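Visitor: I have a structure I would like to understand better, so I am pasting it below and will then ask my questions one at a time.
What follows is calculated from the coordinates using simple rules that are stated; it is not laboratory data. Remember, it's a predicted structure, so these values are computed and weren't measured experimentally. Positions of Cβ are backbone-derived with ideal geometry, glycine not excepted, and every protein chain shown enters the neighbour counts.
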Amino acid sequence: MIPAAELPVARTRRRARVSILIVFCFIVVAVVAVFAIFGNLIAPYDPNEQNLLVGLTRPSSTYWLGTDDLGRDVFSRTIVGARTAVVGPILIALGAMLIGNTLGLIAGYKGGLVDSTIMRWVDLMWALPGLLVAIVVVGVLGGGYYLSVALLILLTAPYDTRIVRGATLEQRALPYVEAARTLGLSSKRIMVRHIWPNVLPLVVANTFLNFAFSLVTLSALSFLGLGVGPGTPDWGRMLAESQTLLFDNPAAALAPGGMIVITAASMNLIGDWLYERLSDRGRAR
Amino acid sequence: MSPRFLALFIARRIVALLVLLLIISFGVFTLLYLAPGSVEDILRGTRPQTPETTQAIREQYHLNDSFLMQYWIWLKDAIHGDFGSSIRTSEPVIDGIESRAALSAYLGLYAFAIVMLFGVPLGALAALRKRTTVDRGIVGLGVVGVSAPAFATGIFLLYLFAVRVSWFPAYGQGSGFWDRIWHLTLPAVALALTGMALVIKLTRAAMINSLDQDYVVFARARGIPARRVLVTYAFRNALVPVVTAAGLILGYLLTGAVLVEVTFALPGVGALLVESVTFKDVPMVQGVTLLVAAVIILINLLTDVLYLFVDPRVRFGRGAS
């Protein structure tokens, strides 16, 4: 599959230093992941406990980020909010990956009518403004977190499909595919066992980018009141509910906003970094 | 040959556009049936529930006809600009959109101007200072911009420039041209930041590519002043992909405006859409969705045509063959 002579060259050339920024991004993602899994244990207060006697306060030593108008601890809510910020995007990225890879491999490998049918669908989905479709459909259907997740899988899958199809077309012309075909392997086996592993690196990089995109879009839906229910500790929802507190306790709005930006930026940077590394390696082959 | 090619190209794009609009309109029409609850209840709104009103609604919306017939009647009216009446305000949908459209257009174009005026020079600068701190800083700004949803950026801007230092108003849309610019600056910047990344990325890539071309090396070798080489030779050619993406970005900004309008409490079309969606005002949602989609698709068509005029290779190359 890989000419042996080219291997060392490819290895030494791509021994790039991992920049501090990327390390920082991985740390951010790790911290958010820990928050998402163990959030309830880490949070100093119950995120939903209202304390009307405390009311709205600015950051203090007892409440690190202050409290919102119902006396709920903003710091605890921000930590627990990591869960809805992570679970949905993971489901979306994986769901889109599954659909996109299946359709992309079939379209790229089979070609012909199957290819053009799938690609017309992809073109249609590309022409639609995604956020608009999400708002309208989720809103008219009555809203909800998992409904948003399901819809975003459908809206994200075309991106994966296009990338996988392009990469499959490139692979299909290579000798190893022809060899496998000559040996009489079934097309399913060639697609899954032979072509897919070679396409995988790009898919993985793209999954990170999809994660960032879904995080932003999901939080936007929650911000508009269409995603999670009212009062849920979710970053988008918290932003919407604390926007009016900007004068009294800005941290209540800025903390969840900052978390969305930092998490999405980290995922985007990791995705770009992987993409650059892996697509270069692909070219060296 | 060339005009014929152009006409054929535009005709094909228009057909594709109409097909796309037809598909979208069908999707938009079925929203009425997708919404939970019976169609009569949705269309009734706050009117009292009596057999007479139900009957009147069935008559008014042709609910006794078949589904496809209903779609056909709805589509015919929609083409004439009649999307029915809003359930929430009972004014005609088209009037509701018309009264809000100016503000959204203003906001979208303002943000578009910011994206182009700052994004293109920043991208070119990043390309010229490739692999330096300047380059990384600019690209990093782009990544943060694309990662930050417009509502989060909006709140940060509100906090910094309306709460901490009151340079800009926290709400309102202003009256008169300059006052409106002043009021819409924060929303427009919040919106622009999300589209900036793409422009920076494209300009940077295109500029790096065109700086690598032989004609740039040759121009330099001939001793043409550096500024002239950069502007006339490299930059002008680098602009082609940017112009192509301009339509995409404008469409992106128009949908992103929904979030910004809600964040800054601006009564634009986007805010209208969110209000109508929350209220289950289906006719209004249908009207807004179809019009916004049509505008975005039309912009894409215009960009495609523009592309022909910007890049002489596309215009003459294929026409001559």
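Visitor: Charges at C-beta only: +1 for Lys and Arg, -1 for Asp and Glu. How large is the resulting dipole of the protein assembly as shown about its Cα centre, in Debye rounded to 20? Intermediate results must be reported in sequence, preceding the final value.
Guide: On the way: 49 positive and 36 negative charges, 675 e Å.
The dipole of the protein assembly as shown has a size of about 3240 debye.
Visitor: To the nearest whole number, what is the average tally of beta carbon atoms from other chains within 10 Å of the beta carbons of peptide B:28-36? Display every interim value, and only then the final one.
Guide: Values: counts 2, 0, 1, 5, 1, 0, 4, 4, 3.
What the average comes to for B:28-36 is 2.
Visitor: OK, next. I want to check the label-to-label distance for residue B:163 and residue A:54. Put each point 7 Å from Cα in the C-beta direction and report it in nm to one decimal.
Guide: Between residue B:163 and residue A:54, the label points sit 1.9 nm apart.
Visitor: First check a/c for the protein assembly as shown, with a ≥ b ≥ c the square roots of the eigenvalues of its C-alpha gyration tensor; if it is under 1.5, answer rounded, and if not, answer prolate when a/b is larger than b/c or oblate otherwise.
Guide: The shape class here is rounded.
Visitor: When ranked by the protection proxy of mean other Cβ atoms within 10 Å per residue, highest first, what sequence do the peptides B:280-286, A:90-96 form?
Guide: B:280-286, A:90-96
Visitor: Run the paramagnetic zone check for residue B:72: 7 angstrom along Cα to Cβ, then residues of region B:3-35 with backbone nitrogen under 16 Å.
Guide: Under cut-off, by backbone N: B:26.
Visitor: Might you report the magnitude of the Cβ-based charge dipole of region B:1-96 about its Cα centre, with Lys and Arg at +1 and Asp and Glu at -1, to the nearest 20 debye? Walk me through the numbers before you get to the answer.
Guide: Numbers: 8 positive and 9 negative charges, 120 e Å.
Here region B:1-96 has a charge dipole of around 580 debye.
Visitor: Which listed residue (B:310, B:167, B:209) has the Cα farthest towards the positive end of the charge dipole for chain B, taking +1 on Lys and Arg C-beta and -1 on Asp and Glu C-beta about the Cα centre?
Guide: The Cα lying farthest towards the positive end belongs to B:209.
Visitor: Related question: Compare the peptides A:43-50, A:132-139 by average per-residue count of other Cβ atoms within 10 angstrom and give them in order, highest first.
Guide: A:132-139, A:43-50
Visitor: Turning to a different aspect of this structure: Residue-wise, which Karplus ³J(HN,Hα) couplings in Hz belong to region A:72-83, taking 6.51 cos²θ - 1.76 cosθ + 1.60, θ = phi - 60°, and x for glycine or proline?
Guide: Whole-Hz 3J(HN,Hα) from phi for region A:72-83: 7, 6, 5, 4, 4, 5, 5, 5, 5, x, 4, 4.
Visitor: For residue B:280, give me every one of the aspartates and glutamates with a C-alpha distance below 18 angstrom, ignoring sequence neighbours fewer than eight places off in its own chain.
Guide: Within reach: B:40, B:41, B:91.
Visitor: Continuing with the same structure: Once you have the Cα-Cα distance between residue A:124 and residue A:248, take 0.36 nm times their residue separation minus that, and quote the gain in nm to one decimal.
Guide: Working: separation 124, 0.36 × 124 = 44.64 nm, distance 4.62 nm.
Full-extension gain reported as 40.0 nm.
Visitor: Using the 10 angstrom Cβ neighbour count as an exposure proxy, how do A:242, B:166 rank, fewest first? Write down the numbers at each step before the final one.
Guide: Numbers: A:242 25, B:166 9.
Fewest-to-most Cβ neighbours within 10 Å comes out as B:166, A:242.
Visitor: Over every pair of different alpha-carbon atoms in chain B, take the mean of 1/r and invert it; report that Kirkwood radius in Å.
Guide: Kirkwood radius, chain B: 22.7 Å.
Visitor: Okay, next question. Over all residues in B:207-216, what is the mean tally of Cβ atoms on other chains that come within 10 Å of each residue's Cβ?
Guide: Mean shielding by partner chains, rounded to a whole number: 0.
Visitor: Mind pulling the angle between the C-alpha long axis of helix A:130-141 and the longest principal axis of chain A? Nearest 10 degrees, somewhere in 0 to 90.
Guide: Rounded to the nearest ten degrees, it is 60.
Visitor: Can you tell which of A:126, A:182, A:197 lies farthest toward the positive end of the dipole of the protein assembly as shown, using +1 and -1 charges on the Cβ of basic and acidic side chains (Lys, Arg; Asp, Glu)?
Guide: It is A:182, whose Cα lies furthest towards the positive end.
Visitor: Using Stokes-Einstein with the Kirkwood hydrodynamic radius over Cα pairs, what translational diffusion coefficient do you get for region B:179-263 at 4 °C and a viscosity of 1.567 mPa s, in µm²/s rounded to a whole number?
Guide: Details: Rh = 14.9 Å.
Estimated via Stokes-Einstein, D reaches 87 µm²/s.
Visitor: So, one more: Per Stokes-Einstein, at 20 °C and 1.002 mPa s, what whole-number D in µm² s⁻¹ belongs to region B:3-79, with the Kirkwood radius over Cα pairs as the hydrodynamic radius?
Guide: On the way: Rh = 14.9 Å.
Stokes-Einstein gives a translational diffusion coefficient of 144 µm²/s.
Visitor: I would also like to ask the following. Mean separation of Cα pairs under 8 Å and 6+ residues apart, divided by the residue count of region B:93-191: what relative contact order is that in percent?
Guide: On the way: 53 pairs, mean separation 28.2, N = 99.
The normalised contact order for region B:93-191 reaches 29 percent.
Visitor: Which one of B:101, B:126, B:114 is farthest out on the positive end of the charge dipole of region B:101-267, using unit charges on Cβ (Lys, Arg +1; Asp, Glu -1) and the Cα centre as origin?
Guide: In region B:101-267, that residue is B:126.
Visitor: Any chance you could run the full-extension gain for residue B:99 through residue B:62? It's 0.36 nm times the residue separation minus the Cα-Cα distance, nm to one decimal.
Guide: Using 0.36 nm per residue and subtracting the Cα-Cα distance, I get 10.5 nm.
Visitor: What are the semi-axes of the equivalent ellipsoid of region B:101-267, taken as the square roots of 5 times the eigenvalues of the Cα gyration tensor, listed largest first and rounded to whole Å?
Guide: For region B:101-267, the ellipsoid semi-axes come out as 35, 16, 14 Å.
Visitor: Quote to one decimal, in nm, the extra length available between residue B:218 and residue B:170 on full extension: 0.36 nm per residue of separation minus the C-alpha distance between them.
Guide: 11.9 nm
Visitor: Relative to the longest principal axis of the C-alpha atoms of chain A, give the angle of the C-alpha long axis of helix A:20-42, reported between 0 and 90° and rounded to the nearest 10°.
Guide: Helix A:20-42 and the main axis of chain A meet at about 60 degrees.
Visitor: Under a plain spin-label model, where a point goes 7 Å from the Cα along Cα-to-Cβ, how far apart in nm are residue B:117 and residue A:141?
Guide: Distance between label points: 4.2 nm.
Visitor: Take each complete run of DSSP H in chain B, measure how far its Cα atoms stretch along the helix's own axis, and keep only those covering 24 Å or more with mean Kyte-Doolittle hydropathy at least 1.0; list them.
Guide: B:2-34, B:93-128, B:177-211, B:236-263, B:282-310
Visitor: If Rh is defined by the Kirkwood formula over all Cα pairs and Rg also comes from Cα, what ratio Rg/Rh do you get for chain A?
Guide: Rg divided by Rh gives 1.08.
Visitor: What is the diffusion coefficient of region B:113-210 in µm²/s, taking the Kirkwood radius over Cα pairs and the Stokes-Einstein relation at 20 °C with a viscosity of 1.002 mPa s?
Guide: 150 µm²/s
Visitor: Shifting gears a bit: How crowded by other chains is A:138-145, given as the mean number of beta carbons from other chains within 10 Å of each beta carbon?
Guide: Mean partner shielding for this stretch: 5.
Visitor: Reachable lysines from residue B:201, Cα under 30 Å, same-chain residues fewer than 8 places away excluded?
Guide: B:130
Visitor: Nearest 20 debye, what's the magnitude of the dipole of chain B about its Cα centre given +1 on Lys and Arg Cβ and -1 on Asp and Glu Cβ?
Guide: With only Lys, Arg, Asp and Glu charged at Cβ, the dipole is about 2020 debye.
Visitor: Would you order A:196, B:182 from fewest to most other beta-carbon atoms within 10 Å of each residue's own beta-carbon?
Guide: B:182, A:196
Visitor: A further question on this structure: What are the residues whose amide H is under 5 Å from the amide H of residue B:85, where those residues sit 5 or more places off or on another chain and H is modelled from the backbone?
Guide: B:93
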